[in-house]
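The values are calculated or read from the model by the stated rules, or taken from the named source; none is laboratory data. Note that the structure is predicted; figures quoted are calculated from it, not measured. Cβ placement follows ideal geometry from the backbone for every residue including glycine, while neighbour counts extend to all protein chains displayed. Accessible surface is based on the protein model in full, side chains and every heavy atom, while ligands, DNA and RNA are left aside. Shrake-Rupley method; radii C 1.70, N 1.55, O 1.52, S 1.80 Å.
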Amino acid sequence: MSKAGLVALALGLMMFMNFTSQCYGALQFGFYNGKCNSTDVEDIVEGVIAGWIKKDPSIVAALLRMQFHDCFSNGCDASILLDGSNSEKTARPNLSVRGYEVIDAAKAAVEAKCPDIVSCADIIVMATRDAVAWVSNIDVPSLLCFTSAKEGDTDVQTGRRDGFESLAEKVDLPPPSISVSDSIKAFAKRQLDVSDMVYLLGGHSVGVAHCSLFQDRLYNYQNSGLPDPSMDPALLATLRAKCPQNETIDNTADLDQNPSSALAVDNSFYRQIFFRRGVLKFDQDLASDPQTQGLVTRAAFGYSFPYGFGQAMVKLGEVQVLTGSQGEIRKIVPRCQ
C-alpha cells in the first residue's frame, strides 16, 4: 500500500478507535515512548522494513511465517531466532523459515539509537506489522490494532521480552496434512479460536508451497492413482505444469492463485479456495468443512477479512508472552541470539 493509502487507512482507523480497548492486555501501546531518547523505535523498524520490501516483496510472507512459527511453538519470545544444535531453528518445520537477516537489520538499527531497550520479540511483531501495511490491498479501516499508520498513531502493542529457551522438541506446529478439526484443537491450546485460525490463514495470501507438499493431489490422491477430485481442473493443469510427476527439483506455487494479488495481503486467497482453487489440501478443506465454511465465505465476499485478520494477528502476538521482569532483552548484534 502506498503512503497515500496508509494515510487513508489511518483516517478510517480513527473512526474505529472506540474498539481499541479490545487490544489491551499485558502489553501496551507506546511501550517504548520516551525510552529511546527522542527517537521513535517503530519509525526505525518501519524504515528498515520498507527498504527490504522494495528489494524483495516476498519478505512479507517470510515475516508472517516467522511470527507464526515463533508464537505458536513457545510463545512470542523470539526463541525461533536462537542458534544451537537443538534449537527451534533445527526443527523440520522451521528449516525453511527465512527472514532472519531482516530482523537482524532492524535490531542493529534500533541498537544504534538506544541499546539494550527493545526486545527481539517486539521487533518480529513490529516488522511483520509494517510488512503487511506496505503490501496490503485493504481499502476499509479495519486492520485495527495491527496495521500501523504512523499518521494516525495506531500501533501494535509492545513490551514483550525475549526468552532464554529454544528447543526443537517443543516445536508443535500443525502439519499441512492436519484435519480442520484437529487444527481447531491445536489453535485452541494457544487460546486462539476457530475464527482466529481461519483469518490467520490469510497469511497464505502471500505464501508459497513446495510441490512436494501437494503433489499427491495432482497425481495420486489417497493412493487412487488419480488427482484430487475436489481440485478445480484448470488449477490442476496449471500445477501439473509447474510440478511434473518425475521432477527432481522441488518447485513452488503461490498459495493465492490469483496472479494480480499473489504478493498482497487481501481476501483473494479465500475466493480462490471457495472456487476449489486451494493448493494445499488443508486450505481447500477450510472452504468445505462446516466448521469453517461460513467464515471462509464471509472473508471471500464480505468485509470481514481486514478486521478479522488484524484481530487474529493481535491475539497471535499475545500468545504466552514474557513481560515485566521475565526473560531478557537480547543484546548481541547483529543477530538476536
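What residues from segment 201-224 fall in the zone where the backbone N is under 18 Å from a label point 7 Å along the Cα-to-C-beta line of Thr248?
211-212
If DNA, RNA and ligands are ignored and the probe is 1.4 Å, what is the ranking of Thr158, Thr297, Thr248 by accessible area, most exposed first? Don't jump to the answer; show the numbers that get you there.
Numbers: Thr158 0, Thr297 50, Thr248 130 Å².
The ranking, largest first, comes out as Thr248, Thr297, Thr158.
Among the aspartates and glutamates, select those whose C-alpha is under 12 Å from the C-alpha of Lys242, and discard any that sit fewer than 8 residues away in the same chain.
List returned: Asp250, Asp254.
Please list 3J(HN,Hα) in residue order for segment 89-100, calculated via the Karplus relation 6.51 cos²θ - 1.76 cosθ + 1.60 where θ = phi - 60°; whole Hz, with x for glycine and proline.
4, 7, 5, 3, x, 9, 5, 9, 5, 9, x, 4
Quick one: if you stick a label point 7 Å off each Cα along the C-beta vector at Val333 and Asp232, how many nm between them?
Rounded to a tenth, the inter-label distance reads 4.8 nm.
What does the extension gain come out to for Ala26 and Ser325, with contour length at 0.36 nm per residue minus their alpha carbon separation? Please list the in-between numbers first.
On the way: separation 299, 0.36 × 299 = 107.64 nm, distance 1.26 nm.
In short, 106.4 nm is gained.
Can you tell me how much longer the chain between Gln191 and Thr297 gets when fully stretched, taken as 0.36 nm per residue apart minus their C-alpha distance, in nm with one decimal?
On the way: separation 106, 0.36 × 106 = 38.16 nm, distance 2.35 nm.
Net length gain for the segment: 35.8 nm.
Scan (1) -0.62, -0.72, -0.81; (2) -0.57, -0.65, -0.74; (3) -0.36, -0.46, -0.57 for the value of log10 I(q)/I(0) by the Debye sum over Cα atoms at q = 0.08, 0.09, 0.10 Å⁻¹ calculated from this model and give just the label.
Of the labelled values, this structure produces (3).
Over the chain, what is the relative contact order in whole percent, taking alpha-carbon pairs under 8 Å and six or more residues apart?
Numbers: 586 pairs, mean separation 87.9, N = 337.
This gives 26 percent for the chain.
With each label point set 7 Å from Cα along the Cα-Cβ vector, what nm distance links Glu101 and Val208?
1.6
Given a cut-off of under 8 Å on Cα pairs at least six residues apart, what relative contact order in percent is computed for segment 255-312? List each step's numbers first, then the result.
On the way: 56 pairs, mean separation 17.5, N = 58.
That works out to 30 percent.
For the full complex of protein chains and a 1.4 angstrom probe, list Phe305, Phe31, Phe275 by accessible area with the highest value first. List each step's numbers first, then the result.
Values: Phe305 5, Phe31 60, Phe275 120 Å².
Ranked from most to least accessible, the order is Phe275, Phe31, Phe305.
Excluding ligands and nucleic acids, what accessible area in Å² is computed for Ser260 using a 1.4 Å probe, to the nearest 10?
100
Rounded to a whole number of µm²/s, how large is the Stokes-Einstein D of segment 212-258 at 4 °C and 1.567 mPa s, given Rh as the Kirkwood radius over C-alpha pairs? Don't skip to the end; give the middle numbers.
On the way: Rh = 11.0 Å.
It comes out at roughly 118 µm²/s.
Would you list, by chain and number, the lysines whose Cα falls below 27 Å from the Cα of Lys170, excluding same-chain residues fewer than 8 positions away?
Cα-Cα hits under 27 Å: Lys89, Lys107, Lys185, Lys189, Lys281, Lys315, Lys331.
Per residue of segment 261-276, what does 6.51 cos²θ - 1.76 cosθ + 1.60 with θ = phi - 60° give for ³J(HN,Hα)? Whole Hz please, x for Gly and Pro, Karplus curve as stated.
Values, residue by residue: 9, 5, 10, 10, 7, 7, 8, 4, 4, 5, 5, 5, 6, 4, 8, 6 Hz.
Does segment 36-143 come out rounded, prolate or oblate, given a ≥ b ≥ c as the square roots of the eigenvalues of its C-alpha gyration tensor, rounded meaning a/c under 1.5 and, failing that, prolate meaning a/b above b/c? Present the calculation step by step, with values, prior to reporting the outcome.
On the way: a/c = 1.78, a/b = 1.17, b/c = 1.52.
The shape class here is oblate.
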